[in-house]
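Chemist: This is the structure I have questions about; it appears just below.
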Amino acid sequence: MTAVPAPGRLAAVLTSLIFLCLPAFASNQTALVQLVEYVGADYINAVEGGVIVSPEEYAEMEEFTSLLAEGVAQLPDAEGKQGLQDQAEALQQAVTDKAGEPRIKTLAQSIRATLVTVYGIPVSPKVVPDLERAAELYQNQCAACHGAEGRGDGPAGAAMEPAPTDFTEVARYNGRSLLGLHTTITQGVDGTGMAAYGDTLRDEDRWALAFYVGAKAVSDEMAETGKAAFNTIPGMKTSLTLDTLVAQAPEDVLKEQGEQAYAALGYLRREPSALFNENRFIALSDERLKEAGLAYRNGDRQAARSAALSAYLDGFEMIEQQLAAVDGDLMRRAEADFMAVREAIDRSHQADIVSERVATARASLAEATDALSGDGLSPAATFSASFFILFREGLEALLVVAALLTFTRKANAISATRHIHLGWIAALVAGGLTWYAASSLITFSGASREMTEGVAGVVAALILFYVGFWMHSNSHSQKWLGYIRNKVDDALGSGTIWVLTFVSFISVYREIFETILFYQALWSQVTAATQAFLFYGIGAAVAALAVVCFLFFRIGMKLPLSLFFRVTSLVLLVLSVVLLGRGIAALQEAGVLNAYYLGVPTIEWLGFFPTVQGVLAQAVAVVLGVVLWVRGSKQQA
């Protein structure tokens, strides 16, 4: 028999690899937005006409610009970081030179816009801000300092230096984004009377307060003008997405989109429900496609590539299952259109070709908007989308865990069985914690999500391939089979048991987080009348997965151990090829690997995605698996 080492030797290395490769989240980016906005808004209180009018305020400006420069230098490397560093240093020097307020505000606006563009900010509220509750919270928590009307004239703030913010001041309103306000409410401002509320108020309450105070300077006239502009001007709803509303200050929107968009932004700050009623994933996708086409025409291929990836990952992918339930052909056609855009950019086609493909993809989005318009998804579409999200994502993980559990139960391996259960339970907990962190604490972009899935998929594929070959190599050894019948826990060894735990963990973890994100997107498309059908779909998917698991156990327990080893090894080897294809596709979607697309259909359940890189990797895995299988069978004959 061929000597095949137990898979336990690889456990430590592979465990380290997967966690080292999981995305690192930069939590200080929103704090930098807060710093730069504070400098832009308060510099006028420190310097006028090149003369320091408040030494304390000026010292604060020097401190904040220094912290800003240091914070930017510590950000991860990215295309555009050097320009951001140059801007931060220029702002620091401008404060040192006591430059005029227009110069400071221009630099602050530029830095804020670059942070948003380069590092994928912002974090966004997950539910419609409750402005009625925000009004109550404001009176209880904020009015003592900021005043009942938000004019900065509260009795407790009279002796504060610097004075509390006057939210009704238009100049200050123009320079503050909702993201900056949310960050200030969450983290407070060191050296001032502004306390941090991150530990005492829920995230949705902090967002509601940010919207509430961020709309104090919006007049009734502006709101009415903005409402009309938002509802009647073509393209306004796609240009003012939730991300734009949260990340950009009004002066940014005024400069980039004009007075009508400026007024519409004020209206949306007052009435955020108007935006949450739109399909923000489609709007975001459309905006990113436009950015990709414009960037490519301007010669910035990297920015075009990033925007095209975001258009798919952060926008369209989140509504794929809903669209598939309504119009499967349209979903597949739109997906191919997005692939065509990325391919044209990756292959450096002429700008006219890229523009044409962007237009085609945007036309497909318009069709998707029509298909998903109306009062949410129908009951049948809601049920179908809900069922297939969970069943598709859960099937692969279930097959792996069921195969491992059947093996350990047949061999009466109590310790190994407990460890496998530990693995998938830990994965559910880890997935839930990751979802909570991404929803409430940090930004988890589509690229980060795909990076996580891609790395996890490739690592899981390597482990399953090794375990499958290991089981096949031992399937004919009577000595081995007899040994594990009598003393399986000792036969497996602690290293092997822990690698089985890791396989159980990674197989479930790679699916659970994305499943939750897809359900979040689906939830935004259902109404009160169809919410029950979402849960019916979940229940049906759980029942279907339970049937699959029962049949696997039932059939597996009846098979002779030698035959079960061979069948299970074949299942694991096939799943390794599927996971390899999915992992490479995810890494391509994250922009880590290049993608050269083939003109053949996607077969998602086989992990077959029509790219040269993915097909070659799967072909190599299949050939290697066949060679090792045949070679092992001959040596054991």
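The values are calculated or read from the model by the stated rules, or taken from the named source; none is laboratory data. In this text the structure is predicted, and so the values were computed from the model without any measurement. FYI the Cβ positions are ideal-geometry reconstructions off the backbone, even for glycines, and counts take in every protein chain you see.
Chemist: Would you confirm whether any residue within region 314-332 is at pLDDT below 85, surrounded by fewer than 21 Cβ atoms within 10 Å (Cβ to Cβ) and either farther than 26 Å from Leu522 by Cβ or among the small types (Gly, Ala, Ser) (or both)?
Modeler: Checking region 314-332: at least one residue is at pLDDT below 85, surrounded by fewer than 21 Cβ atoms within 10 Å (Cβ to Cβ) and either farther than 26 Å from Leu522 by Cβ or among the small types (Gly, Ala, Ser) (or both).
Chemist: Residues that are in contact with a Lys or Arg (Cβ under 8 Å, 6 or more places away or on another chain), free of Cβ contacts under 8 Å to residues at least 12 places away in the same chain and surrounded by fewer than 15 Cβ atoms within 10 Å (Cβ to Cβ), at least 1 per element: which helices (runs of 4 or more DSSP H) completely within region 32-126 meet that? Steps first, answer last, please.
Modeler: Working: elements: 55-73, 81-96, 101-119.
Because the criterion is at least 1 residues that are in contact with a Lys or Arg (Cβ under 8 Å, 6 or more places away or on another chain), free of Cβ contacts under 8 Å to residues at least 12 places away in the same chain and surrounded by fewer than 15 Cβ atoms within 10 Å (Cβ to Cβ), no helices (runs of 4 or more DSSP H) in region 32-126 meet it.
Chemist: Criterion first (assigned to a helix (DSSP H, G or I), of a type in the set (Asp, Glu) and over 28 Å from the mean Cα position of the chain (by Cα)) does Glu204 satisfy it?
Modeler: For Glu204, the condition - assigned to a helix (DSSP H, G or I), of a type in the set (Asp, Glu) and over 28 Å from the mean Cα position of the chain (by Cα) - is not met.
Chemist: Please pick out the residue among Ala144, Ala148 that is surrounded by fewer than 18 Cβ atoms within 10 Å (Cβ to Cβ), in contact with a helix residue (DSSP H, G or I) (Cβ under 6 Å, 6 or more places away or on another chain) and closer than 21 Å to Asp205 by Cα.
Modeler: Ala144
Chemist: Then there's this: Looking at region 316-339 only, could you name the residues that are touching a residue at least 12 places away in the same chain (Cβ under 8 Å), more than 16 Å from Thr360 (Cα to Cα) and not β-branched (Val, Ile, Thr)?
Modeler: Listed by number, the residues that qualify are Glu317, Met318, Glu320, Gln321, Gln322, Leu323, Ala324, Ala325, Asp327.
Chemist: Tally the residues that are modelled with pLDDT of 90 or more and polar (S, T, N, Q), restricting the search to region 258-286.
Modeler: 1
Results for (1) out of contact with any helix residue (DSSP H, G or I) (no Cβ under 6 Å at 6 or more places or on another chain); (2) within 22 Å of Arg392 (Cα to Cα); (3) modelled with pLDDT of 80 or more; (4) among the β-branched types (Val, Ile, Thr), shown as yes or no for each residue.
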position: Phe553; (1), (2), (3), (4): no, yes, no, no
position: Leu561; (1), (2), (3), (4): no, no, no, no
position: Val571; (1), (2), (3), (4): no, yes, no, yes
position: Leu579; (1), (2), (3), (4): no, yes, no, no
position: Glu589; (1), (2), (3), (4): no, yes, no, no
position: Leu598; (1), (2), (3), (4): yes, no, no, no
position: Pro601; (1), (2), (3), (4): yes, yes, no, no
position: Glu604; (1), (2), (3), (4): yes, yes, no, no
position: Val626; (1), (2), (3), (4): yes, no, yes, yes
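Chemist: Still on this structure: Could you tell me which residue of region 295-307 is farthest from the chain's Cα centre (by Cα), considering only residues that are without any contact (Cβ under 8 Å) to a residue 40 or more places away in the chain and part of a helix (DSSP H, G or I)?
Modeler: This residue is Ala295.
Chemist: Shifting gears a bit: Which one is nearest to Thr241 (Cα to Cα) among residues in region 167-188 that are within 30 Å of the chain's Cα centre (by Cα) and either surrounded by fewer than 19 Cβ atoms within 10 Å (Cβ to Cβ) or among the small types (Gly, Ala, Ser) (or both)?
Modeler: Residues of region 167-188 that are within 30 Å of the chain's Cα centre (by Cα), as a first pass: 173-188.
Within this subset, residues satisfying the condition of being either surrounded by fewer than 19 Cβ atoms within 10 Å (Cβ to Cβ) or among the small types (Gly, Ala, Ser) (or both) are 175, 177, 180, 187-188.
Values: Gly175: 19, Ser177: 14, Gly180: 17, Gln187: 25, Gly188: 27 Å.
Taking the candidates together, the pick is Ser177.
Chemist: Suppose the filter is surrounded by fewer than 20 Cβ atoms within 10 Å (Cβ to Cβ) and either out of contact with any His (no Cβ under 7 Å at 6 or more places or on another chain) or part of a loop (DSSP other than H, G, I, E, B) (or both); does Pro164 pass it?
Modeler: For Pro164, the condition - surrounded by fewer than 20 Cβ atoms within 10 Å (Cβ to Cβ) and either out of contact with any His (no Cβ under 7 Å at 6 or more places or on another chain) or part of a loop (DSSP other than H, G, I, E, B) (or both) - is not met.
Chemist: Just checking, how many residues over region 396-430 are closer than 30 Å to Met318 by Cα and touching an Asp or Glu at 6+ places or on another chain (Cβ under 9 Å)?
Modeler: Going through region 396-430 one residue at a time, the tally reaches 3.
Chemist: Taking the condition polar (S, T, N, Q), assigned to a helix (DSSP H, G or I) and either under 30 Å from Arg362 (Cβ atoms) or touching a strand residue (DSSP E or B) at 6+ places or on another chain (Cβ under 6 Å) (or both), does Thr183 pass?
Modeler: The answer is no for Thr183.
Chemist: Let me ask something additional. Looking only at region 438-448, decide whether some residue is among the aliphatic types (A, V, I, L, M), more than 30 Å from Val627 (Cα to Cα) and at pLDDT 60 or above.
Modeler: Scanning region 438-448 turns up no residue that is among the aliphatic types (A, V, I, L, M), more than 30 Å from Val627 (Cα to Cα) and at pLDDT 60 or above.
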